[in-house]
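Sending over a structure as structure tokens; questions will come in a sec.
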Amino acid sequence: MVRPLQLPAGFARCRWNGGFTFAEAPDRDCLSARILWQAERDPATLFVEAEPGVAGDAACLDIGRICSWLTIVPAHTGVEHAVLSDGSHHIRLDVVAGSLRESRAVRLRILVDGMEKAEYGVLSLQRLLALHRHRRFGKMLYPRDPAIARGIVLLRTHDALEDGASHRDLACALVGPTVVDADWNDPSDSLRSRVRRLTRQARAMALGGYRGLLLRR
């Protein structure tokens, strides 16, 4: 069955949700949470129209083959926001007409608006086709992003700052206390400068810079 969305108590849709179409329950871990970025933030979102199809028709998307990865969030505008995800990979769909919930099989019409969006859309479509055909996310279609490791460091830096860590504490976590004891007061100031730069970048990321991460996918 399609995974139902569990909204937090008191949740209300608003434009201050950080770019998400909804607020996921905060107690979910990163692999079980299903984050649906707004299409304006996620250029890889596929816009589709769906109409009921016939099970077994090669021209149709068999919902039964993908339902274990599928989460659907209906919007008050009539659009269905959907994501196919195993926790590590995802494919975003916005169903602007029709529904993925009303038939076991659906015939999709892919909508493309402009060449720039088409470039992202082609990759998303390849991912959807591979998932439907092989019932797994094709690893070759999700190349490793070298920015992820840096993003994790920035996230940990921000968390440490929020917990009251000093710049010296951050340096110890980065290079170890032995190096810090030797280099912290070095006239070149290189280690302190590195920590200050990391702190600035972490704060900028938390203030909205994270939205740009999706543009590199």
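On a 0 to 90° scale, report how tilted helix 115-134 is relative to the longest principal axis of the chain, with both axes built from alpha carbons and the result rounded to the nearest 10.
Around 70 degrees separate the two axes.
If you don't mind, another one. On a 0 to 90° scale, report how tilted helix 190-206 is relative to the longest principal axis of the chain, with both axes built from alpha carbons and the result rounded to the nearest 10.
It is inclined by approximately 30 degrees.
Right, another one. Report, to the nearest 10°, how far helix 147-162 tilts away from the longest principal axis of the Cα atoms in the chain, using its own Cα long axis and a range of 0 to 90°.
That works out to roughly 60 degrees.
While we're looking at this one, here's another question. So if I place +1 on the C-beta of Lys and Arg and -1 on the C-beta of Asp and Glu, and nothing else carries charge, what would the dipole magnitude of the chain be about its Cα centre? I want it in debye, nearest 20. If you can, show how the numbers build up before the last one.
Values: 31 positive and 25 negative charges, 63 e Å.
Around 300 debye, computed over the chain.
Can I ask one more? Exposed loop sites here are chymotrypsin sites (Phe, Trp or Tyr not before Pro) in DSSP loop states with at most 15 other C-beta atoms within 10 Å. What is the longest stretch of the chain lacking them?
Values: sites that count: 11, 16.
Excluding the exposed sites themselves, the longest stretch runs over 17-217.
Taking amide H positions as placed 1.01 Å from N in the peptide plane, with prolines and chain starts having none, which residues 5 or more places from residue 47, or on another chain, fall under 5 Å of its amide H?
94, 111
Same structure, new question: Over region 147-216, consider all pairs of different Cα atoms and compute the Kirkwood hydrodynamic radius from their mean reciprocal separation; express it in Å, one decimal. Working shown, then result.
Details: mean 1/r = 0.0785 Å⁻¹.
Taking the inverse mean of 1/r over all distinct Cα pairs, region 147-216 comes out at 12.7 Å.
Return the label of the correct value of Kirkwood radius over Cα pairs in Å, as calculated from the structure shown, out of [x] 19.9; [y] 19.3; [z] 17.7.
Derived directly from the coordinates: [x].
Quick one: what do you get for region 43-115 if you divide its Cα Rg by 2.2 N^0.38 Å?
On the way: Rg = 12.0 Å, N = 73, 2.2 N^0.38 = 11.2 Å.
My calculation over the Cα atoms of region 43-115 gives 1.07.
Which residues make up the longest stretch of the chain clear of GluC sites (Glu not before Pro) that lie in a DSSP loop with no more than 14 other Cβ atoms within 10 Å, not counting the sites? Provide the component values of the computation, followed by the final result.
Numbers: sites that count: 40, 102.
It runs 103-217.
Next question. For region 99-205, which trypsin sites (Lys or Arg not before Pro) pass both filters: DSSP loop (anything but H, G, I, E, B) and at most 10 other C-beta atoms within 10 Å?
On the way: sites: 101, 104, 107, 109, 117, 127, 133, 135, 136, 139, 144, 150, 156, 168, 192, 194, 196, 197, 200, 203; in loops: 101, 104, 135, 136, 144.
Here the trypsin sites (Lys or Arg not before Pro) that fit, given the DSSP loop and packing criteria, are 144.
Hey, what number do you get for the chain at 222 nm if only DSSP H runs of n ≥ 4 count, each worth -39500 (n - 2.57), divided across all residues, to the nearest 500?
On the way: 6 runs with 73 residues, N = 217.
Calculated at 222 nm, the ellipticity per residue is -10500 deg cm²/dmol.
Each value in this text was obtained by applying a stated rule to the coordinates, not by laboratory testing. In this text the structure is predicted, and so the values were computed from the model without any measurement. No Cβ is skipped: glycine too gets one built from the backbone with ideal geometry, and neighbour counts run over all protein chains shown.
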